[in-house]
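Scroll down for the structure; my scribbles are underneath it.
The values are calculated or read from the model by the stated rules, or taken from the named source; none is laboratory data. What you see is a predicted model; the values in this text were computed from it and never measured. Every residue, glycine as well, gets a Cβ built from its backbone with ideal geometry; the counts of neighbours run over all protein chains shown. For the accessible areas, the whole protein counts, side chains as well, though only heavy atoms, and no ligand, DNA or RNA atoms are used. Shrake-Rupley method; radii C 1.70, N 1.55, O 1.52, S 1.80 Å.
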Amino acid sequence: HHGFAADSTFIAHFLRQGCAPACDAARRERKRLVIEDVAGFAPLAGTVDREVALANEVRATQSTPMVSHAGELVGVLSTQFRQPHAPDALALQ
């Protein structure tokens, strides 16, 4: 939770509720998901997830599933950005 306050509504919401169009999708599909602009990402339109993200100045995010050598999903690493953003290949390594 680096960069967010301990009482962040963003962290509290996503720890309790998850986010089907983002982290949950990366987990299910086991593929990285980059949302370059939360405000314009169609799967988030009309959702509480979008409202909470924008209220906390989250405009872009990337979610990368972490998979063990045995192929087991161990978690999802997510990074948020305050401006619309598309990480380049080097940053995603």
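For the chain, what does the helix formula give at 222 nm: sum of -39500 (n - 2.57) over DSSP H segments with n ≥ 4, over the residue count, nearest 500 deg cm²/dmol?
On the way: 4 runs with 28 residues, N = 93.
My calculation for the chain gives -7500 deg cm²/dmol from helical runs alone.
Using heavy-atom solvent-accessible surface (probe 1.4 Å) with all chains present, what is the largest-first order of His13, His69, His1, His85?
From most exposed to least exposed: His69, His1, His85, His13.
Under a Cβ-Cβ cut-off of 14 Å, what is the net charge of the residues other than Pro65 that fall near it, where Lys and Arg count +1 and Asp and Glu count -1?
For residues surrounding Pro65, the net value is +2.
Points 7 angstrom from Cα along the Cβ direction at Asp7 and Leu77: gap in nanometres?
3.2
What percentage of the solvent-accessible surface of the chain, computed with a 1.4 Å probe over protein heavy atoms, is contributed by carbon and sulfur atoms? Don't skip to the end; give the middle numbers.
Numbers: 3260 of 6080 Å².
Carbon and sulfur together cover 54 percent of it.
Provide Rg and Dmax in Å for the chain, with only Cα atoms included in the calculation.
So, for the chain, Rg and Dmax equal 13.0, 39 Å respectively.
What accessible area per residue comes out for the chain, rounded to a whole number of Å², with a 1.4 Å probe?
65
Give me a comma-separated list of calculated 3J(HN,Hα) values for segment 16-32, in order, Karplus coefficients 6.51, -1.76, 1.60 applied at θ = phi - 60°, integers in Hz, x for any Gly or Pro.
Couplings: 7, 9, x, 8, 4, x, 10, 4, 5, 5, 4, 5, 4, 8, 6, 9, 5 Hz.
Glu29 to His69: extension gain in nm, 0.36 nm per residue of separation minus the Cα-Cα distance?
Using 0.36 nm per residue and subtracting the Cα-Cα distance, I get 12.7 nm.
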